[in-house]
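**Student:** Sharing a structure, written as structure tokens. Questions coming.
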Amino acid sequence: MAKSGFKKEKGTDFDGSFSSSKDDFTIALSGNAKVGKSVIFNQLSGSNQIVGNWPGKTVEKAQGKLYFQGQKIHVIDLPGIYSFSTFSMEEIVSREYIAHEKPDVVINVLDASVLERNLFFTLQLMEMEVPLVVCINQVDIARQKGIIIDEKKLEKALGVPVVSTVAVRGEGLRKLIEKAVKAADNPKKIPEIIKYGGEVEKRIQNLSEMIKSKKTSLNYSNRWMAIKILENDPEIIKNIKNESPEIISYANQLAYEIEKIHQEPSFAVMASERYTLANLIASGAQVQTKIDIPFSERLDKILTHPVLGYFTSALVIIGLLLWTFTIGDFLEGILSNAFSFFQPVDPQFSGAITAILWNGAFGGIVAGVTLIIPFVIPFYLMLSYIENSGLLTRVAFMMDSFMHKIGLHGKALIPLILGYGCNVPAIDSTRILETRRERLLAAFAITFAPCAARTILILGLVAIFVNIWWALALYVLDLIIIFIMGRIALKATPGESTGLIMEMHTLKLPSFSVILKQTWARTKSLIYLVFPIYIVGSALIQAFYAMGVLEPVSNFMAPLTVGWLGLPVFAGVLLIVGAVRKEFILLTLVSFVGTDLSLALNPTQFIVLAIVGMLYLPCFSTIAILIKEFGWKAASVITGANFTTALVVGGLFAKILPYFL
Amino acid sequence: MSDNESLSENIEEYLEVIYKVSLEEKKPVTTSNISKNLNIAPGSVTQMLKKLDKRGYVHYSPYKGAVLTEKGLKVASKVTRKHRLLERFLNDILKLKKDKIHSEACQMEHTLSDDAERALCQLLEQPDQCPDEAPIPACDFKFDTCEECLERKHEDVEEIGSRDENLISIISLGENEVGRVSFIRGDYKVIRRLMDMGITIGAMVSVIKLAPFKGPVEVSVRGSKLALGRDIAKNVFVELIDCESKDEDGALAHG
């Protein structure tokens, strides 16, 4: 992300209280997931931020800046992680950033209610020997749970500055910045409090002495490298091995000795010892007073109740969809009015160029706007709320065993639900899953999920011209298809499923600014992907139309569309234009026959067209992101599976439905 | 049983020879050639080749000879690899006489496990030739590079802690019961992940909730709440702690 992208503007509460001209410096925010890092980041950088990806990685990178006492400060929000192993992209990105980019100070954000677990990560940051300021966030929530943390004691135990904050209300942030600036200005060496048990500590020191004597070119501290090697960290071991393999042989010997003493692998010994230390520090610095059970805990009991939990989970999902479609319907009404000047021209009168530009390119813009504003934005807003409040983790918890039936675990529910809004960001968000296989399985299931465009198709064709019950039935049918196809895909892709390991964060009212920022970031990346495809795709189809290619093609498709699916010949054209976006099927149909579609189609045809339209292809944008994330091969297999399913199901309905309708 | 074993050994011997000869001659391997190499009557060889064809290891046509199928090639290169690794081992490490090596390796190759093959390769530092300079085929392990194979040596860990009869799985913990984690079994990455999240040996765990339909388990550990899939949770074993003597840091738990 280019630095020139930053705009010079004032946007924070921390502006110009004091003037001096020092060099810019950088603060990195690091810590566990959902501890309020993003809230702090938003509070600090205000509107001055850029959200993108880390170069070459599918991990979100958020950077911003603020002015404090005349200094320009860059703030980087690192992804939320629990440890510095290398099992996830987030962990690799964070550790490489801290080790190589060397921020002037790292603010480690901790959740006050879960001090011990959070300190486990703090200790790892201290091992990296970066200038550190510890921020105990959400002290208000902790207080409700009867947990009071003594800042001073913690500061003394850790040997680094500690600040308590309630970031959502901005409390303590000024002090946090002051301490961070101070820590960056006079970098003190991190006190070596992290001593492991005698026999482990001795070996860490021996190994780090050896690394020191070999003078490796690696940009890490010797002690940290020694610890990582003994923890069996593949990255560090590989790098060291290239330079001086004898270090690794020595380390293997040491690790073996540790294993002999403790009867456990050395990585397990070290994790245990680090946690023991975290426990000691935490219990020394916090007081647990029993106050009555806070509301969030009582709510949690209901949300994960063996019976009520399913009810509330269903409520959350249905609520999300109802909200989206109620608001969406309302907004779309307004927008359609606003765009009522947009009427497709008849190319026979206006000429091909006008048709391509007006019907095609501009039509693509209109279609994009009328999808994103009414449906996608409200959906993202509510989804972000459900995510950040912790409701979604409860739903994932309840649904885990069902998700296992299609080879996924509870967390995969998040992308799947996203798929109800739009497949594209949903597939993007499969990144939260552990393995490529799981991401593929999830993406595959998502391409069948009834996204906003499919819903419009179902509503526009079936709810209006057949009845609402058939529309609902199609929704149910779609769920069944997701399940069946998911099962088939699971059987077709051998491999082991990863189990669920997920933190159940405290339920809370999420920060409004975080919700807005997240919604905007998601919407923006969707716009970048979707708009060009809409505009170009729609213009291309108009061009084909003008060249008279579409009619022969739809005649060519007639055996399929007319013979097998029992649709009119022009359905071929509909399906071609629908590849850009599913609602184009509806729009084009209107342009062919006028608003009363029942003149052209009978109820069976409405339903069959809706089914085929719903299933036959993921739209162009979805295919584009499938290619981007999984490559051509996987994308074509998924597309092929969609197409086959559409033909099979559509054909069966075309044959059976006449007996019922 | 032993019939089966000798049959599969037999198949491996045949495939090995076809593999070797076809690499040298680059055309179908004739019955007479195999017969010469294995010192078996041509009639029996033809019989066997027909059998191998039926099982999908080779394509056999009379008068022309046999060509390895993909399936056959896999078996053949695997056993050839084991054979040549063993030759190296017998030669380099055990310093046996060169003329003994071949027949010795022929005996051992069929019983050498894949784990032993991998260890042997690492011990010999990924040799690419056997003592008489024939190339050693590449392994069929799912590693991208030899470095990765070496690095992952430690990742074979599939349990930590010590198994004891008194231990129970956390899914058998009742509500309000507390256990001390004593033994974890599972995939290396899962174990590491669990430890990062605070489920280390010695940690105090209690169960908050078991989701129905074999759903996940919500546990409380080190002040945080975690949801663990049932398959992961049932492999975490704890020692039940008497509630009376329960203590924050668990030091007094033994009572």
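The values are calculated or read from the model by the stated rules, or taken from the named source; none is laboratory data. Keep in mind the model is a prediction, meaning the values are calculated, not measured. Cβ sites come from the backbone with ideal geometry, for glycine too, and all protein chains shown count toward neighbours. Protein only, heavy atoms only, side chains kept; ligands, DNA and RNA dropped before computing areas. Shrake-Rupley method; radii C 1.70, N 1.55, O 1.52, S 1.80 Å.
**Student:** Give, rounded to the nearest 20 debye, the magnitude of the charge dipole that the protein assembly as shown has about its Cα centre when Lys and Arg contribute +1 at Cβ and Asp and Glu contribute -1 at Cβ.
**Tutor:** My answer is approximately 1420 debye.
**Student:** Shifting gears a bit: Among A:Leu383, A:Asn467, A:Gln343, which residue has its Cα furthest toward the positive end of the charge dipole of segment A:308-659, with +1 on Lys/Arg Cβ and -1 on Asp/Glu Cβ?
**Tutor:** Of the listed residues, the answer is A:Leu383.
**Student:** Okay, moving on. Taking each residue in A:260-269, count the Cβ atoms of any other chain within 10 Å of its Cβ, then average. What number comes out?
**Tutor:** 4
**Student:** Run the numbers on segment A:308-659 and let me know its relative contact order in percent, using alpha-carbon pairs under 8 Å that are six or more apart.
**Tutor:** 20 percent
**Student:** On to the next question. Sequence neighbours fewer than 8 away in the same chain don't count; with that in mind, list the aspartates and glutamates whose C-alpha is under 14 Å from A:Lys215.
**Tutor:** Reachable aspartates and glutamates: A:Glu243, A:Glu246.
**Student:** Ok, one more. Which ³J(HN,Hα) values in Hz, rounded to whole numbers, follow from the phi angles of segment B:188-203 under the Karplus curve 6.51 cos²θ - 1.76 cosθ + 1.60, where θ = phi - 60° and Gly and Pro get x?
**Tutor:** Each residue's phi maps through the Karplus curve to give 3, 5, 5, 4, 4, 4, 4, 5, 4, 7, x, 8, 9, 4, x, 6 Hz.
**Student:** What do the square roots of 5 times the Cα gyration tensor eigenvalues come to for segment A:602-655, in whole Å, largest first, as semi-axes of the equivalent ellipsoid? Each step should come with its number before you reach the end.
**Tutor:** On the way: eigenvalues 140, 24, 3 Å².
Computed over segment A:602-655, the values are 26, 11, 4 Å.
**Student:** Given Cβ point charges of +1 (Lys, Arg) and -1 (Asp, Glu) and nothing else, what value in debye, to the nearest 20, does the dipole of chain B about its Cα centre take?
**Tutor:** 1200 debye
**Student:** From the alpha carbon gyration tensor of segment A:503-646, can you work out the equivalent ellipsoid semi-axes (sqrt of 5 times each eigenvalue) and give them in Å, largest to smallest?
**Tutor:** Calculated on Cα positions only, the semi-axes equal 34, 18, 17 Å.
**Student:** Which value, to two decimals, describes the C-alpha radius of gyration of segment B:2-68 once divided by 2.2 N^0.38 Å?
**Tutor:** Working: Rg = 10.9 Å, N = 67, 2.2 N^0.38 = 10.9 Å.
Normalised by 2.2 N^0.38 Å, the Cα Rg of segment B:2-68 equals 1.01.
**Student:** For segment A:412-478, run through the chymotrypsin sites (Phe, Trp or Tyr not before Pro) and keep only the ones in DSSP coil with at most 11 other Cβ atoms within 10 Å of their Cβ. Mind showing how you got there, number by number?
**Tutor:** Working: sites: A:Tyr420, A:Phe444, A:Phe448, A:Phe465, A:Trp469, A:Trp470, A:Tyr475; in loops: A:Phe448.
Nothing satisfies the criteria.
**Student:** Summing +1 for each Lys or Arg and -1 for each Asp or Glu, what net charge is found among the other residues whose Cβ lies under 15 Å from the Cβ of A:Ile377?
**Tutor:** So the surrounding residues net to +1.
**Student:** How many Cβ atoms of partner chains, on average, are near each residue of A:115-124 if near means within 10 Å of its Cβ?
**Tutor:** Shielding by partners across A:115-124 averages 3.
**Student:** Enter the Cα centre distance for the pair segment A:141-190 and segment B:80-94, rounded to the nearest angstrom.
**Tutor:** Centre-to-centre distance over Cα atoms comes out at 62 Å.
**Student:** Run the accessible area of chain B with a 1.4 Å probe and give the carbon-and-sulfur part as a rounded percent.
**Tutor:** Carbon and sulfur together cover 49 percent of it.
**Student:** A further question on this structure: Can you give the convex hull volume per residue for the Cα atoms of segment B:72-155, as a whole number of Å³?
**Tutor:** 95 Å³
**Student:** Run the accessible area of chain A with a 1.4 Å probe and give the carbon-and-sulfur part as a rounded percent.
**Tutor:** 64 percent
**Student:** List for segment A:504-521: residues with 20 Å² or greater reduction in accessible area, all protein chains versus chain alone, probe 1.4 Å?
**Tutor:** Flagged in segment A:504-521: A:Met504.
**Student:** Would you mind getting the accessible area per residue of segment A:308-659, heavy atoms of the protein chains only, 1.4 Å probe, in Å²?
**Tutor:** On the way: 14280 Å² over 352 residues.
Accessible area per residue: 41 Å².
**Student:** Now, a different point. Rounded, prolate or oblate: which one fits segment A:134-252, using the alpha carbon gyration tensor with axes a ≥ b ≥ c (rounded when a/c is under 1.5, else prolate when a/b beats b/c, else oblate)?
**Tutor:** Taking the square roots of the gyration eigenvalues as a ≥ b ≥ c, segment A:134-252 is prolate.
**Student:** Also: Taking beta carbons within 10 Å but only from partner chains, what does the mean come to for residues A:231-237? Please report the intermediate quantities before stating the final value.
**Tutor:** Values: counts 2, 8, 1, 7, 1, 0, 4.
For peptide A:231-237, the averaged partner shielding equals 3.
**Student:** Okay, moving on. Give the cross-link partners of B:Lys98 among the lysines, using a straight C-alpha distance below 29 Å as the criterion and excluding same-chain residues fewer than 8 apart.
**Tutor:** Of all the lysines, those that pass the test against B:Lys98 - Cα under 29 Å, at least 8 places apart if same chain - are B:Lys20, B:Lys26, B:Lys36, B:Lys74, B:Lys78, B:Lys82.
**Student:** For segment A:308-659, what's the radius of gyration and Dmax over Cα atoms, in angstrom?
**Tutor:** Calculated on Cα positions, Rg and Dmax stand at 20.1, 63 Å.
**Student:** Please work out how much accessible surface B:Ser77 shows to a 1.4 Å probe, ignoring ligands, DNA and RNA, in Å² rounded to 10.
**Tutor:** Looks like 30 Å² after rounding.
**Student:** If chain B were replaced by its equivalent ellipsoid, with semi-axes equal to the square roots of 5 times the Cα gyration tensor eigenvalues, what would those be, largest first, whole Å?
**Tutor:** After scaling each eigenvalue by five and taking roots: 55, 21, 15 Å.
**Student:** Have a look at B:Val219, B:Gly186, B:Ile168 and report the one farthest towards the positive end of the charge dipole of segment B:159-245, computed about the Cα centre with Cβ charges (Lys/Arg +1, Asp/Glu -1).
**Tutor:** So the residue furthest toward the plus end is B:Gly186.
**Student:** Mind checking the per residue accessible area of segment A:3-185 for me, 1.4 Å probe, whole number of Å²?
**Tutor:** 36 Å²
**Student:** How big is the charge dipole of segment A:198-288 about its Cα centre, in debye rounded to the nearest 20, if each Lys and Arg gets +1 on its Cβ and each Asp and Glu gets -1 on its Cβ?
**Tutor:** About 280 debye.
**Student:** For chain A, what does the relative contact order come out to in percent, with C-alpha contacts under 8 Å and a separation of six or more?
**Tutor:** It rounds to 10 percent for chain A.
**Student:** With a 1.4 Å probe and every protein chain left in place, work out the accessible area per residue of segment B:72-155 in Å², rounded to a whole number.
**Tutor:** Numbers: 4860 Å² over 84 residues.
For segment B:72-155, the solvent-accessible area averages 58 Å² per residue.
**Student:** Kirkwood Rh over alpha-carbon pairs of segment A:80-172, then Stokes-Einstein at 20 °C and 1.002 mPa s: what D in µm² s⁻¹, rounded to an integer?
**Tutor:** 154 µm²/s
**Student:** Now for a different question. Enumerate the whole-percent occupancy of each 10 Å bin, from 0 to the last occupied one, for all C-alpha pair distances of the protein assembly as shown.
**Tutor:** The calculated distribution, bin by bin, is 2, 10, 17, 19, 18, 15, 12, 6, 1, 0.
**Student:** For the B and A pair, go ahead and give the buried accessible area with a 1.4 Å probe, both sides summed, in Å² to 100.
**Tutor:** Heavy-atom accessible area buried at this interface is about 3800 Å².
**Student:** Okay, next question. I need the per residue convex hull volume for segment A:198-288, using only the alpha carbons, in cubic angstrom as a whole number. Could you put the intermediate results ahead of the total?
**Tutor:** Numbers: hull volume 9.7 nm³, N = 91.
Taking only Cα atoms, segment A:198-288 has a hull volume of 106 Å³ per residue.
**Student:** Rg and Dmax of segment A:3-185 over Cα atoms: what are they, in angstrom?
**Tutor:** Every Cα atom of segment A:3-185 included, Rg and Dmax give 15.6, 47 Å.
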